[in-house]
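Asker: Handing you a structure now.
The values are calculated or read from the model by the stated rules, or taken from the named source; none is laboratory data. This is a predicted model, so every value here is computed, not measured. Areas reflect the complete protein model, heavy atoms only, side chains present, ligands, DNA and RNA absent. Shrake-Rupley method; radii C 1.70, N 1.55, O 1.52, S 1.80 Å.
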Amino acid sequence: ADRIGLSVGASPERIRWALGIIDAALASVGRTRSDVRIGAYVPVAIADTREAGRAEIRYRVAGWAHMSSFPGNDLDAQPEIMRRVTEQLREGYDYRFHRADVPADNPNTRQVDEAFGDWFGIGGHPAYVAERLHELVELGVHTFVTSLVGREHERFASEVMPLVRAAVASR
């Protein structure tokens, strides 16, 4: 593979965990991480304040986290903060609410608390989002895929990405 996509959330410790697996697999075939590009699927919510972003991201992470609940995934190997959510999502995920613009009150959101949302996703004002994305770039992530709602597309392009680019250029 020349590109690898991670879907483990935005927690730096989970990204490090996944990168460790990648490093071991690459080493087993005589390659290094410099031979591949790493992407991450990351739930993001851009808001005017950190508090509003934390509230907004909560109902966006269930759709991403439920993929870690699929049969075949060892839930016991997941960090406790994740396992308590994926155990519920494994049996109770409702695909009628599998989209970026879900209403805040839906069956999937009810299975996710604010602490998990904040751990698995990135929600806040543009500078906070940029800071968190830059942290993941520093760990070795090259590209991001997310699902934004409404005007967030414009804000991501005009307010977040310039900050990420500036931080990367200054290192």
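Asker: Which residue fluctuates most in the GNM of the chain (Cα springs below 10 Å): Ile81, Ile21, Ile46?
Answerer: Ile21
Asker: Determine the per residue accessible area of the range 48-105 with all protein chains present and a 1.4 angstrom probe, expressed in square angstrom.
Answerer: Solvent-accessible surface per residue comes out at 57 Å².
Asker: Here is a follow-up. For the range 11-53, which semi-axes, largest first and in whole Å, follow from the square roots of 5 times the eigenvalues of its Cα gyration tensor?
Answerer: They are 32, 10, 6 Å, listed largest first.
Asker: Continuing with this model, one more query. Which entry in (i) 95, 23, 8; (ii) 25, 23, 12; (iii) 25, 19, 14 is this structure's computed semi-axes √(5λ) of the Cα gyration tensor in Å?
Answerer: (ii)
Asker: Quote the accessible area belonging to His142 in square angstrom, nearest 10, computed with a 1.4 Å probe and with ligands, DNA and RNA left uncounted.
Answerer: Counting only protein heavy atoms, the figure is 80 Å².
Asker: Here's another thing I want to ask about it. Would you compute, from DSSP H runs of 4+ residues alone, the mean residue ellipticity of the chain at 222 nm, taking -39500 (n - 2.57) per run and dividing by the full residue count, rounded to the nearest 500?
Answerer: -13500 deg cm²/dmol
Asker: How large a share of the accessible area of the range 69-171, in percent, is made up of carbon and sulfur atoms when the probe is 1.4 Å and the other protein chains stay in place?
Answerer: Numbers: 2880 of 5460 Å².
The computed percentage sits at 53.
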